[in-house]
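These notes concern the structure reproduced below.
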Amino acid sequence: MESIKGNEMNAIYGLYPDPDSAQRALNVLERAQGELGFQDRDIAVLSGEPYEEYGFGHRDHKTRMPWIAALGGVVGGLSGWWFVSFTQKSYPLISGGMHLVTKWSDGIITYELTMLGAILTTLFTLLILARIPDWSGRKLYDPAISNGKILIGVTNPPEKARGELGKRLLAAGAETVKEYAR
Amino acid sequence: MDKTPEQINQDLLRPLYHASWRFYVALVILGSLVAAAFFAWGYQIYNGIGVSGLDRPVFWAFYITNFVFWIGISHAGTLISAILRVSNATWRRPVTRCAEAITVFALSISAMFPLIHLGRPWLFFWLIPYPSERGIWPQFRSPLLWDFFAINTYLIGSVTFLLLPSFPDFALIRDRASGWRKKVYGIASLGWRGTPKQWHRLEMAMRIMAVAIIPVAVSVHTIVSWDFAMAPVPGWHSTIFGPYFVAGAIFSGIAALIIAMAMLRKLLHLEEYLKPIHFDYLGKLLLVMSLLWFYFVFAERLTTWYGNFPSEMAVFWVTQSGRFSKLFWTMIFCNFIIPVPILAIKNLRTKIGWTVVASIPVIVGMWLERFLIIVPSLSHKYLPYNFGTYRPSWVEITITIGTFAGMALLYLLFSRVFPIISIWELKLGLQKKVEAAPALASQEPATEQP
């Protein structure tokens, strides 16, 4: 077992060559939670690509992103409508007796700002929910995942369970088991 | 092709590390042309807009032609990529980033033309809707102001659409690089790790963006068409200008994408990733758009001819058989007569060289189309005493050539910084085994073979 020294955050993990063995390892860890004294939120999964066909790719799957984007669109649209109405009234042009607030043409700007609101909200929601940017380098990571390996492990495992966790990760098909600490 | 993830990484990251002498030669040539364009623009700024060929009654010509043309080319990317994503077309994977990059660069180039056309670019802020004591702005009734909002929304959306799926690829480069590259790509990747939550949120964001960006792309070129259609100028005041412009934009955009992909395939040795089948599919789209474009041109001209308004007919005849007829028939030849037979014959369409042969005239033809919408109408507006002519000066020609060189230069530099094919999406395609039709099996993108 390879180890990386440090003292703030630690983890033990296996690197798996294929999604089937990674799924096996996850199943092993989920079954061993109570026995080895860690919780579901301590299980870490990292991969170089999404695996939609496998259970480990579906962790933390629930999201309200589409609704948040729609809300962003509504806010953008209302802001746009307010913006054009407010400025047309505040800085009135001589319009020869025609309507000062022009609904048809204001609709275009309202529409564009609706879409801009949805786009920007999607971007910021992604950044917040995916917790990026994060350049601290303190989170569990292994560059091997860029070469197709899948990382399955446990963060901050109980000291007495480390040996057993290493054995079980290896038995599930890990190419290598490592300890990580920062 | 049964490539391992490591081999895919090596193939697609190779252009970031190694450049042949051809790259540097292209860099010098394209850079010189861009420098010449900037010199011409500087000359115009110093001496005034009078050094261009613009004169009464033709005050919109090459610059606005280029503006509309490049907006159209920008539809190559984000719109096509978004449509392919929404329709879950599996063959899109090697194509999307090539396409999205075209949008960002073409849109940036097009956005320069209102500034160039201003003559006094230091007053560009007059385009922006800010409160003014002059009583001129904000003029929300003006299509030119609609342009400001539409183009900026599309540019922000397109840049976001290009960057979001790039984070995982930047992380990949970060993991393999050393020295300054590791630092730069480490920052650019935003600390991407690849947790299931990150992957899921990224894919969800891409889906939302794809849905949002399609109506924005349509609105941009519709609004550009309204720059013309809202004016009671013969040949412009038409209700079909919106869809006509959008169709033309997608048409020229696909042609640009085919040419760009063929060049990248050759220069970056991406033969195993950009397959004949990708060109075949894009060729089919180009064929459909060519037919649709011709339908719009026919409908537009037929109703003009049938209506027989003198002011409209003056523009009609000057393009049909008058001074601009050579350009008009060249446009028909380039946009319809050359590409349709080539793309309709399967044996030709499935060969990359022939799809490129069909695409190059489309670029020429669509530029001519934009020119023919603008100049004949302005030079034959209502009363004959007001008729005029237009001849571009060396300044306008140099700037126009420079923008084509600028587009190629930006693309060249982009391919040295970004993986031109989205690596993680390509690998995702390896997972998703698709059933290929037996007839196409031999050409199916290798990464998506069952």
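None of the figures in this text is laboratory data; all of them are computed from the coordinates on show. Note that this is a predicted model, so its numbers are computed, not measured. Don't worry about glycine lacking a Cβ; one is built from the backbone with ideal geometry, like all the others, and counts go over all protein chains shown.
Could you list B:HIS75, A:HIS58 in order of exposure, starting from the residue whose Cβ has the fewest other Cβ atoms within 10 Å?
Exposure proxy ranking, most exposed first: A:HIS58, B:HIS75.
Could you tell me which of A:ALA25, A:LEU116, A:TYR180 has its Cα farthest along the dipole of chain A towards the positive end, charges placed at Cβ (Lys, Arg +1; Asp, Glu -1), taken about the Cα centre?
A:LEU116
Using all Cα-Cα distances in region A:65-129, what percent lands in each 10 angstrom bin from 0 up to the longest?
23, 40, 22, 12, 3, 0
From zero outward in steps of 5 Å, how is the percent of C-alpha pairs of region B:64-145 spread across the bins?
Going from the shortest bin to the longest, the percentages are 3, 14, 16, 16, 14, 12, 10, 7, 5, 2, 1, 0.
For a label point 7 angstrom out from the Cα of B:ASN88 toward its Cβ, which stretches of region B:182-214 have the backbone nitrogen within less than 17 Å?
Within reach of a label on B:ASN88, which here means backbone N under 17 Å from a point 7 Å along Cα→Cβ, region B:182-214 contributes B:200, B:203-211.
Please state the equivalent ellipsoid semi-axes for region A:122-182: what are the square roots of 5 times the Cα gyration tensor eigenvalues, largest first, in whole Å?
Gyration-tensor ellipsoid for region A:122-182: 27, 15, 11 Å.
Would you list B:TRP192, A:TRP67 from fewest to most Cβ contacts within 10 Å?
A:TRP67, B:TRP192
Below 8 Å, C-alpha to C-alpha, sequence gap of six or more: please give me the relative contact order for chain B in percent.
29 percent
How much mean residue ellipticity at 222 nm does chain A get from its helices, if each DSSP H run of length 4 or more adds -39500 (n - 2.57) and you divide by all residues, to the nearest 500 deg cm²/dmol? It would help to have the intermediate numbers written out before the result.
Numbers: 4 runs with 81 residues, N = 182.
When only DSSP H runs of four or more count, the value is -15500 deg cm²/dmol.
Can you list the DSSP H helices in chain B whose Cα atoms extend at least 30 Å along the helix axis and whose mean Kyte-Doolittle hydropathy is -1.0 or higher?
Sorted by number, the helices that extend far enough and score high enough are B:21-47, B:96-118, B:196-229, B:241-267, B:276-307, B:352-379, B:394-417.
What is the spin-label model distance, in nm, from B:ARG56 to B:ALA299 if the labels are put 7 Å beyond Cα along the C-beta direction?
So the two model labels end up 3.9 nm from each other.
Considering only Cα-Cα distances, which of the following residue pairs are longer than 23 Å: B:LYS284/B:LYS427; A:LYS139/B:LYS197; B:LYS326/B:LYS381; A:LYS149/A:LYS178?
Details: B:LYS284/B:LYS427 26 Å; A:LYS139/B:LYS197 14 Å; B:LYS326/B:LYS381 20 Å; A:LYS149/A:LYS178 13 Å.
Violating the 23 Å Cα-Cα cut-off are B:LYS284/B:LYS427.
How large, in Å, is chain A by the Kirkwood hydrodynamic radius built from its alpha-carbon pairs? All intermediate terms of the calculation are to be shown ahead of the outcome.
Details: mean 1/r = 0.0501 Å⁻¹.
About 20.0 Å, per the Kirkwood formula over Cα pairs.
Taking the Cα centre of region B:61-214 as the origin, how large is its charge dipole in debye, to the nearest 20, when only Lys and Arg (+1) and Asp and Glu (-1) carry charge on their Cβ atoms?
It comes to approximately 620 debye.
Taking loop as defined by DSSP and a crowding limit of 14 other beta carbons within 10 Å, which GluC sites (Glu not before Pro) in region A:82-178 fit? Intermediate results must be reported in sequence, preceding the final value.
Numbers: sites: A:GLU112, A:GLU159, A:GLU164, A:GLU175; in loops: A:GLU175.
Taking region A:82-178 and a limit of 14 other Cβ atoms within 10 Å, the loop GluC sites (Glu not before Pro) found are A:GLU175.
How big is the shadow of the Cα convex hull of the protein assembly as shown, averaged over all directions, in nm²?
Working: hull surface 129.1 nm².
Convex hull of Cα atoms, orientation-averaged projection: 32.3 nm².
Which values, in whole Å and largest first, are the semi-axes of the equivalent ellipsoid of chain B obtained as the square root of 5 times each eigenvalue of the Cα gyration tensor?
That gives 39, 26, 21 Å for the three semi-axes.
A:ASP40 versus A:LYS62, label points 7 Å from Cα toward the beta carbon: distance in nm?
1.0 nm
How do B:GLU425, B:GLU272, B:GLU369 rank when sorted from fewest to most other Cβ atoms within 10 Å of their own Cβ?
The most exposed by this proxy come first: B:GLU272, B:GLU425, B:GLU369.
Please give the charge dipole size of the protein assembly as shown, origin at the Cα centre, charges +1 on K and R Cβ atoms and -1 on D and E Cβ atoms. Round to the nearest 20 debye.
540 debye
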